[in-house]
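Heads up: the structure comes next, in structure tokens.
The values are calculated or read from the model by the stated rules, or taken from the named source; none is laboratory data. Quick caveat, the model's predicted, so the values are computed rather than measured. Positions of Cβ are generated from backbone atoms using ideal geometry, with glycine treated the same way; all protein chains shown enter the neighbour counts.
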Amino acid sequence: MIRANRRVNQKEIANAVGISKERVHHIVTTVLGYRKVSARWVPRQEEEEEKKEEEEEKEEEEEEEEEEEEEEEEEEEEEEEDNNNNNNNNKNNNKDNKNWIMSRSTSV
């Protein structure tokens with residue numbers, strides 16, 4: 001009946017088949033896997049497919065976010081490395097300056 005007319009309601013099905021509306025609801029929703037959308041019955045398979053697509057999109061977004069985070073971490077590590085190199089260069093320059101000053105002061 002549902003496949004013939006998706007706008008049929010549970011009461012009409014219950015009267016035609018001779019069972020309670022609650023039993024009709026159970027059969028239609030649980031056994032057959034239909035749900036009510038805008039006063040018509042729609043198979044749940046469509047909803048499940050949509051959920052799968054959404055999950056796949058979420059997974060792709062999460063992977064992209066992870067890649068971005070990894071790139072940011074790599075950039076931070078490179079910056080730290082550059083800073084360390086600069087600090088070492090500054091220390092060496094300071095030592096050279098001290099040595100130069102010491103050499104100048106002793107020669108005078």
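Please give the number of the condition Asn9 fails out of (1) on the phi < 0 side of the Ramachandran plot; (2) within 33 Å of the chain's Cα centre (by Cα); (3) not hydroxyl-bearing (Ser, Thr, Tyr). Going through the list (1) on the phi < 0 side of the Ramachandran plot; (2) within 33 Å of the chain's Cα centre (by Cα); (3) not hydroxyl-bearing (Ser, Thr, Tyr), Asn9 breaks only (2).
Residues of the stretch 14-33 that are in contact with a helix residue (DSSP H, G or I) (Cβ under 8 Å, 6 or more places away or on another chain) and closer than 13 Å to Arg44 by Cα: Val28, Gly33.
Cβ-Cβ distances below 6 Å connect the following pairs, each with a first residue in the stretch 28-47 that is under 19 Å from Ala14 (Cα atoms), a second residue that is at pLDDT below 75 and aromatic (Phe, Trp, Tyr), and a separation of six or more residues or different chains: Tyr34/Trp41. Does Ser105 satisfy the condition of being out of contact with any Ser or Thr (no Cβ under 9 Å at 6 or more places or on another chain) and surrounded by fewer than 10 Cβ atoms within 10 Å (Cβ to Cβ)? Here the answer is yes, as Ser105 does meet what is asked.
Checking Val17, Val31 one by one, the residue that is surrounded by fewer than 10 Cβ atoms within 10 Å (Cβ to Cβ) and not basic (Lys, Arg) is Val31 and no other. Filtering Lys98, Lys11 for residues that are surrounded by fewer than 11 Cβ atoms within 10 Å (Cβ to Cβ) and in contact with a helix residue (DSSP H, G or I) (Cβ under 8 Å, 6 or more places away or on another chain) leaves a single hit, Lys11. Does Val24 qualify as being outside any loop (DSSP other than H, G, I, E, B), among the aliphatic types (A, V, I, L, M), at pLDDT 85 or above and in contact with a strand residue (DSSP E or B) (Cβ under 7 Å, 6 or more places away or on another chain)? Judged against the criteria, Val24 is not a match.
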